[in-house]
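Beneath this line is the structure, given in structure tokens, with notes to follow.
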Amino acid sequence: MKHLLLLYAHPTPRGSYLNRYLVSRAATVPNVVVRDLYQLYPDFYIDVATEQEHLRKADVIIMQFPVRWFNVPSIIREWQDHVLTRGFAFGPDGDALKGKRFMAAVSTGGQENSYQQGSPHGAALDSYLAPLVQTAVFCGMHVEAPFVVHGARDLDAGAREVMAQAYVNRLETLAREEAHV
């Protein structure tokens, strides 16, 4: 069974109806290690050695976050800037992530139809995830299709549970499967 590292980043976790629930359910999956970046680093001083050690142990790396202002939460950018260093994640001898799998697990406040050309958000969600995907590719990782929940604020308890079960199923599948190259 594969080791999954879930990097969770929600800037207002107490206000999260969906993400907080998804991460609590994900934590019940065997071989999933959850790292709540905002809880671990409220001052944004990232423990690089610890984070790199977690990455070394992982077979699959998942970043779970809400899309806000067309981007990732700021702590993910801070984490990337400090953890994904030359000689570790890229460049000479920088192959610690090579061959690992990467998946984004994201939620949006808007409905799926608002993420297309000419819609309120103006572009497909994939365009917002492109820098994250390219970072994974640059580091030699295999990118999995994202797990996406649109309209997170509009989900009732039943729909939230359906999405949580789908997420758990996806994580369990990632823990069993080999990368699709």
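Summary table below
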| quantity | calculated |
| --- | --- |
| Amide N of the range 153-179 lying under 13 Å from the label point, which is placed 7 angstrom from the Cα of Thr28 along Cα→Cβ | 161-169 |
| Solvent-accessible surface (1.4 angstrom probe) belonging to His82, in square angstrom, nearest 10 | 80 |
| Built amide H within the under 5 Å cut-off of His142, gap 5+ | Gly99, Lys100, Arg101, Phe102 |
| Helix axis angle, 157-176 relative to the chain longest principal axis, alpha carbon, degrees | 20 |
| Residue-averaged 222 nm ellipticity for the chain, from DSSP H runs of 4+ at -39500 (n - 2.57), nearest 500 | -11000 deg cm²/dmol |
| Carbon + sulfur, % of accessible area of the chain - ligands and nucleic acids excluded, 1.4 Å | 52 |
| Gyration tensor (alpha-carbon) shape descriptor, the range 1-126, a/c threshold 1.5 | prolate |
| Point-to-point label distance, Val137-Lys57, nm (Cα→Cβ direction, 7 Å offset) | 3.1 |
| Whichever aspartates and glutamates have a C-alpha closer than 13 Å to that of Lys98, once near sequence neighbours (fewer than 8 apart) are set aside | Asp59 |
| Sequence-distant residues sharing a close amide H with Phe147 (under 5 Å, placed H) | Ala104, Ala105, Val106 |
| Fully extended contour minus Cα-Cα distance, from Asp126 to Thr50, at 0.36 nm per residue | 24.3 nm |
| For the range 57-62, 3J(HN,Hα) per residue [Karplus equation, 6.51 cos²θ - 1.76 cosθ + 1.60, θ = phi - 60°, Hz, x = Gly/Pro] | 6, 7, 9, 10, 10, 10 |
| Solvent-accessible surface (1.4 angstrom probe) belonging to Asp47, in square angstrom, nearest 10 | 70 |
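The values are calculated or read from the model by the stated rules, or taken from the named source; none is laboratory data. These numbers were taken from a predicted model, which means no experiment stands behind them. Positions of Cβ are backbone-derived with ideal geometry, glycine not excepted, and every protein chain shown enters the neighbour counts. Note: areas computed on protein heavy atoms with side chains; ligands, DNA, RNA excluded. Shrake-Rupley method; radii C 1.70, N 1.55, O 1.52, S 1.80 Å.
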